[in-house]
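Notes for the one structure printed next.
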Amino acid sequence: MCDTLVALASETPRGKLLFAKNSDRERNEAQVLEMHRRRTGGGDLKLTYITIPDVAQTQAVLISRPCWMWGAEMGANEHGVVIGNEALHARVPAQRKRALTGMDLVRLGLERGASAGEALAVIIGLLEQHGQGGDCGHLGRFYYHNGFIIADAREAYVLETVGRDWVVEKVAGRRSLSNAYSIGADWSAISPGLAAQGAGRFDVAARLIDEARDAISFGRGRCARGQALLDGAGAALTPGAMMAILRDHGEAADWSPANTVGRTLCMHAAQGPRRSQSVASMVSEVGGERAVHWVTATSAPCTSLFKPVLFEAGPPPVGPAPTDTYDGESLWWRHERLHRALLADHATGMALIADERDALEAGFRARIDAADDLPAAVAHCWRG
């Protein structure tokens, strides 16, 4: 499960595009936050499962990737392009034969697209050429199609796929995406193969969605919740507001990590069948002279701090890349010890830390807004 949100610059009081995502994966599937410089030379490029030709030069990228994958769940590039993906479940079974994963496509779009439109074309072209498929689960087997939000300072797109086919909606204002097909009859572009499945402007989501699987993932419910929170923010849609949306646990009075109603945007694994939790979160503000990417580099945004990353400042000090085994030197695992301790009495724990968390983040945002020396300001936020 994941949730991705975007708001165009015209929708925000600061006049900058906002993007946000919670990446939900298995409880021990640590996520690696890393920055990669431009790559030159072409040749062969080994992805998660397959090898494809590389391009002569890539963009510098910031990515958050599952520890065992080449591809990324979310990220940004040096030109202010941001992308996040979602697992989608169609009546048509996802391909089990190894091909591109949705995470591969996120990273390839960031590496090869200097704008949202370019990244969209890159992902569609690679999808049509190589297809998507293979096991995307860490310990449990997990096969799915993919949806994406792809954005830059000027525009944003929702791309939903099934096999090698696809449909695109250009975002008009604010948009959420979760683990369910969401593009109806108001699509902006559609693949010939998908267009052939209906006459005229048919409802693509209604045609594709696996109702039984959606009842399990609660994808449409979380998409509606994310959209309601985006819309409800009104004129106060700031980076801080996006962070609050990613921390949403719904409105049920008796909610707890072990007693969820449906699925909330901030996910916690619990005893029993629910293995997934929010393992990394990101909020990006893109526009003007700088793009600021606020990342947790840790699980559970409600118990985490969002700290700034800018390409000008280089990669943040998150310690060694985490794996699926505990490592006390890794920021992800040090935080995970706190997160799991808080699960025993989440309400009491949050009452103790939430005010300090919010005050620290407000101070970080104010420092970055006022900074002349951005690398120094970023380093200050990550200190301690």
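By its C-alpha gyration tensor, with a ≥ b ≥ c as the square roots of the eigenvalues, how is the stretch 74-153 shaped: rounded for a/c under 1.5, else prolate for a/b larger than b/c, else oblate? Walk me through the intermediate numbers first.
Numbers: a/c = 2.24, a/b = 1.89, b/c = 1.19.
Prolate.
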Over what distance in Å are the Cα centres of the stretch 2-18 and the stretch 72-93 separated?
17 Å
For the stretch 219-259 and the stretch 364-384, what is the separation of their C-alpha centers, rounded to whole Å?
27 Å
Ordering HIS79, HIS138, HIS339 by how much accessible area each has at a 1.4 Å probe, largest first, what is the list?
HIS79, HIS138, HIS339
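Explain nothing, just the number: dipole magnitude of the stretch 63-149 about its Cα centre with +1 on each Lys and Arg Cβ and -1 on each Asp and Glu Cβ, in debye rounded to the nearest 20. Intermediate results must be reported in sequence, preceding the final value.
On the way: 8 positive and 8 negative charges, 84 e Å.
Computed charge dipole of the stretch 63-149: roughly 400 debye.
Given the pairs LYS16/LYS307; LYS97/LYS307; LYS21/LYS170; LYS16/LYS46, which are separated by over 27 angstrom at their Cα positions? Walk me through the numbers before you get to the answer.
Numbers: LYS16/LYS307 18 Å; LYS97/LYS307 38 Å; LYS21/LYS170 18 Å; LYS16/LYS46 35 Å.
Going by Cα-Cα distance, LYS97/LYS307; LYS16/LYS46 fall outside the 27 Å limit.
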Of every hundred units of 1.4 Å-probe accessible area on the stretch 92-232, the number belonging to carbon and sulfur atoms, as a percent, is 53 percent
Can you give the helix-only mean residue ellipticity at 222 nm for the chain, where every DSSP H stretch with n ≥ 4 adds -39500 (n - 2.57) and the sum goes over all residues, rounded to the nearest 500 deg cm²/dmol?
-8500 deg cm²/dmol
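Tell me the per residue accessible area of the chain using a 1.4 Å probe; a whole number in Å² is fine. Don't skip to the answer; put the middle values down first.
Details: 14990 Å² over 384 residues.
With all protein chains present, the chain gives 39 Å² per residue.
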Projected onto the charge dipole of the chain (unit charges on the beta-carbon of Lys, Arg, Asp and Glu, signs +1, +1, -1, -1), the Cα from GLY163, GLY109, ALA366 with the largest positive-side position is that of GLY163
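Diagonalise the Cα gyration tensor of the chain and give the resulting equivalent ellipsoid semi-axes, square root of 5 times each eigenvalue, largest first, whole Å.
29, 24, 21
What's the carbon and sulfur percent of the stretch 234-384's accessible surface, probe 1.4 angstrom, rounded to a whole number? Write out the running numbers ahead of the final one.
Working: 3680 of 6740 Å².
Roughly 55 percent of what the probe reaches on the stretch 234-384 is carbon or sulfur.
Which value, in debye to the nearest 20, gives the size of the charge dipole of the chain about its Cα centre, when Lys and Arg are +1 and Asp and Glu are -1 at the Cβ?
Details: 41 positive and 45 negative charges, 121 e Å.
Using Cβ point charges on Lys, Arg, Asp and Glu, the chain gives about 580 debye.
Would you be so kind as to identify all helices of the chain, as entire DSSP H runs, whose Cα atoms reach 27 Å or more along the helix's own axis and whose mean Kyte-Doolittle hydropathy is at least -0.5? List each step's numbers first, then the result.
Working: long enough: 346-370 (35 Å, -0.07).
Counting only whole DSSP H runs, the qualifying helices are 346-370.
The values are calculated or read from the model by the stated rules, or taken from the named source; none is laboratory data. Bear in mind that the values here come from a model prediction, so they are computed numbers and not experimental data. We place every Cβ from the backbone using ideal geometry, glycine too, and count neighbours over all the protein chains shown. Ligands, DNA and RNA are excluded from the accessible area calculation, which covers all protein heavy atoms including side chains. Shrake-Rupley method; radii C 1.70, N 1.55, O 1.52, S 1.80 Å.
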